[in-house]
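Engineer: One structure is given below, represented as structure tokens, and several questions about it will come after.
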Amino acid sequence: MQKITIIGCGGAGKSTLATQLGSTLQLPVYHLDALYWKPNWVETDREQWIEIQQELVSKSHWIVDGNYGGTFDIRLEASDTIIFLDINRYICLFRVVKRTLKHLGKNRADMGPGCYERFDFNFIKWIYAFPRKKRPEILVKLSKLENIADVHILSNKKELANFLGSV
């Protein structure tokens, strides 16, 4: 495992897992949210975002966490390991509300500078719709990559613990 992509719904635990794996495997970790969002939640230009992704995957080893569907294929096709945290939406919603309350008005370590934690109703709606709108697309993409990369679909704490124990 030298090029690892971690994907999943908001609140699934992508950043936490990336940090744990980075420490265990001694690999650099890149949180896409920290790279995408400029201060005050300004989005990165699409062309620049593609360049950032291409530069990231050209490195010899990395862990990248985050979705960003428009550049999914760049990361997925360069990965030797893909981890999809397929966590129940209600658990994700609970975690995001808890995280928001804990960090409200503060800058989290996995976010870009000047992107202070806030309550975002659109993000909550996105999480709620994730199993219906995004999950099917992800599963189709992953099924096409099973012969190219080591694909792990983890749906609960026990599967995650077993995976981490095998690393």
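Engineer: If I model a spin label as a point 7 Å beyond the Cα along the Cα-Cβ vector, how far apart are those points for Glu77 and Asn162 in nm?
Structural biologist: So the label points at Glu77 and Asn162 sit 3.3 nm apart.
Engineer: In terms of modelled amide H atoms, which long-range or inter-chain residues lie less than 5 Å from the amide H of Asn107?
Structural biologist: Glu117
Engineer: Considering only protein heavy atoms, with the full assembly of protein chains and a 1.4 angstrom probe, order Thr24, Thr100 by accessible area, largest first. Don't skip to the answer; put the middle values down first.
Structural biologist: Details: Thr24 85, Thr100 10 Å².
So, going from the largest accessible area down, we get Thr24, Thr100.
Engineer: On a straight-distance basis, which aspartates and glutamates could pair with Lys144 in a cross-link, Cα separation under 15 angstrom, same-chain partners fewer than 8 positions away excluded?
Structural biologist: Answer for Lys144, where 15 Å is the Cα cut-off: Asp73, Glu77, Asp80, listed by chain and number.
Engineer: Here's something else I'd like to know. With the chain treated as a Gaussian network of Cα nodes joined by springs under 10 Å, which of Leu32, Leu104, Leu17 yields the largest mean-square fluctuation?
Structural biologist: Looking only at Leu32, Leu104, Leu17, the largest GNM fluctuation is found for Leu104.
Engineer: Which pairs break 20 Å Cα to Cα here: Lys38/Lys141; Lys98/Lys157; Lys14/Lys157; Lys14/Lys158; Lys38/Lys134?
Structural biologist: Those over the limit are Lys38/Lys141; Lys38/Lys134.
Engineer: Still on this structure, I have one more. Hey, what's the chain come to in accessible area per residue, 1.4 Å probe, Å²?
Structural biologist: Ligands and nucleic acids excluded, the figure is 55 Å² per residue.
Engineer: If the chain between Lys59 and Leu101 were fully stretched, how many nm would it gain, using 0.36 nm times the residue separation less the Cα-Cα distance?
Structural biologist: On the way: separation 42, 0.36 × 42 = 15.12 nm, distance 3.59 nm.
Result: 11.5 nm gained on full extension.
Engineer: So what's the gap between the Cα centers of segment 127-167 and segment 17-48, to the nearest angstrom?
Structural biologist: With segment 127-167 and segment 17-48 each reduced to a Cα centre, they are spaced 19 Å.
Engineer: I need to check one value: relative contact order of segment 29-97, counting alpha carbon pairs closer than 8 Å and at least 6 residues apart, in percent. Intermediate results must be reported in sequence, preceding the final value.
Structural biologist: Working: 33 pairs, mean separation 23.6, N = 69.
So the answer I get is 34 percent.
Engineer: Determine the dipole magnitude for the chain: charges of +1 sit on the beta-carbon of Lys and Arg, -1 on that of Asp and Glu, nothing else is charged, the reference point is the Cα centre, and the result goes in debye to the nearest 20.
Structural biologist: 840 debye
Engineer: Also, quick follow-up: With each run of n ≥ 4 DSSP H residues scored as -39500 (n - 2.57), what mean residue ellipticity at 222 nm is computed for the chain after dividing by its residue count and rounding to the nearest 500 deg cm²/dmol?
Structural biologist: The per-residue figure over the chain is -15000 deg cm²/dmol.
Engineer: Local charge sum around Leu139 (other residues, Cβ-Cβ under 14 Å, Lys/Arg +1, Asp/Glu -1)?
Structural biologist: Details: positive: Arg132, Lys133, Lys134, Arg135, Lys141, Lys144; negative: Asp86, Glu137, Glu146.
Here the count lands on +3.
Engineer: Next question. Quantify, in whole percent, the carbon and sulfur part of the accessible surface of segment 48-167 (1.4 Å probe; protein heavy atoms only).
Structural biologist: For segment 48-167, the apolar C and S fraction of the accessible surface comes to 55 percent.
Engineer: Between Val42 and Ile91, how many nm apart are label points set 7 Å from Cα along the C-beta direction?
Structural biologist: Roughly 3.8 nm, to one decimal.
Engineer: May I ask you to derive the relative contact order of segment 9-158, considering only C-alpha pairs under 8 Å and at least 6 residues apart, and to give it as an integer percent? Don't skip to the answer; put the middle values down first.
Structural biologist: Numbers: 172 pairs, mean separation 50.2, N = 150.
Worked out over segment 9-158, it gives 33 percent.
Engineer: Taking 7 Å along the Cα-to-C-beta vector as the label spot, tell me the Lys144-Tyr116 distance in nanometres, rounded to one decimal.
Structural biologist: About 4.2 nm, to one decimal.
The values are calculated or read from the model by the stated rules, or taken from the named source; none is laboratory data. Just so it is clear, the model here is predicted, and its values are computed rather than measured. Every residue, glycine as well, gets a Cβ built from its backbone with ideal geometry; the counts of neighbours run over all protein chains shown. Quick note on the areas: whole protein, heavy atoms, side chains included, nothing else; ligands and nucleic acids left out. Shrake-Rupley method; radii C 1.70, N 1.55, O 1.52, S 1.80 Å.
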